[in-house]
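These notes concern the structure reproduced below.
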Amino acid sequence: MKKTSPAHPAPLSVLLLALSLAGCFGGEDGDKGSPVGPGGASGKKIAPGTYVGDYRPYDSTHSLESEFTLGADGAFRTFLIAENQPFLDLKGSWFQQDSNLHFTGVTEAYGDGGFFDSGTTVEGDTNLVREITDSSFIRKEWTPLRVKPYWITYKKKSFAPIKPGNYLFQTEFVSDSATRIGRIRIEMDGTGVLYRYSLDSLEIVQEKAVWFQQGSILGNRNYEYRQFDTTTQSFGAWETIPWSWLKRTSEVSDTAFWIWAPPESFLEMGAWEIYRKVP
């Protein structure tokens, strides 16, 4: 059973954090294409919603993706994802003026083993946008790996919501020539979530948080955990971790969803863990 924790940073996040990420915003005109006039050719405004960026022509080495949510309330949040693992969380406010997309009050937070701190305030920025439709637009931005501005296509995408309820993931593995059973039970209500980690018949770790979903990302904040003490045969006190926890999900339905478990070393491969609804 694989349990992500601050003590086990994922190697891909470490690699990407070493790169210059000045770049999710910005880009001067003149390298590729040209901006349209005020508000686009038809004066069209970008519709609020969640959009996914297509980096395949430029940054395909680590399957780079972005999920870019522009809220009707003027808030935005962007997750940069590589090999199914979120590694950068950007949020702030946005507005469009003519062919420019403006970002203000921006904070950025970097991932470490799936955990993100509260973020650092960074300078706001402005992007050129063009070819705006009801479900897409093209934005000029610095791509993270090439560190050069390109026109990136964004297309609106809808994501199935995770339904509150109880879900269970179970796996078998061999340890000291014995077959062991690992279980992770997730108990979700409208806002709160409790994770129960068990080894064979013994529950060994509990974690609780406030959960949210944005696009394909399952997030947890106000995160706390406690461990089972075999000496006292009881759980210890809750300990607070002042970070958010972000995971990639897929195949969401009324009865199940998948969570990506990244590799804990360069010698391993990540895998999708399937959580099925249980009583």
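A short reminder: the numbers here are calculations on the coordinates, not readings from a lab. What you see is a predicted model; the values in this text were computed from it and never measured. Every residue, glycine as well, gets a Cβ built from its backbone with ideal geometry; the counts of neighbours run over all protein chains shown.
Quick look at the values:
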read-out: Lys, Arg +1 and Asp, Glu -1 on Cβ, resulting dipole of the stretch 195-279 about Cα centre, debye, nearest 20; value: 300
read-out: Whole-Hz ³J(HN,Hα) from phi, Karplus 6.51 cos²θ - 1.76 cosθ + 1.60, for the stretch 82-92, glycine and proline x; value: 9, 6, 6, 10, x, 10, 9, 10, 10, 8, x
read-out: Filter on Lys91/Lys156; Lys44/Lys140; Lys45/Lys140; Lys91/Lys208; Lys45/Lys163; Lys44/Lys155 - keep pairs with C-alpha separation over 22 Å; value: Lys91/Lys208; Lys45/Lys163
read-out: The stretch 103-256, relative contact order in percent, only Cα pairs under 8 angstrom and at least six apart counted; value: 16
read-out: ³J(HN,Hα), Karplus 6.51/-1.76/1.60, whole Hz, each residue of the stretch 94-107, x for Gly, Pro; value: 9, 7, 10, 9, 6, 9, 10, 10, 9, 10, 9, x, 7, 10
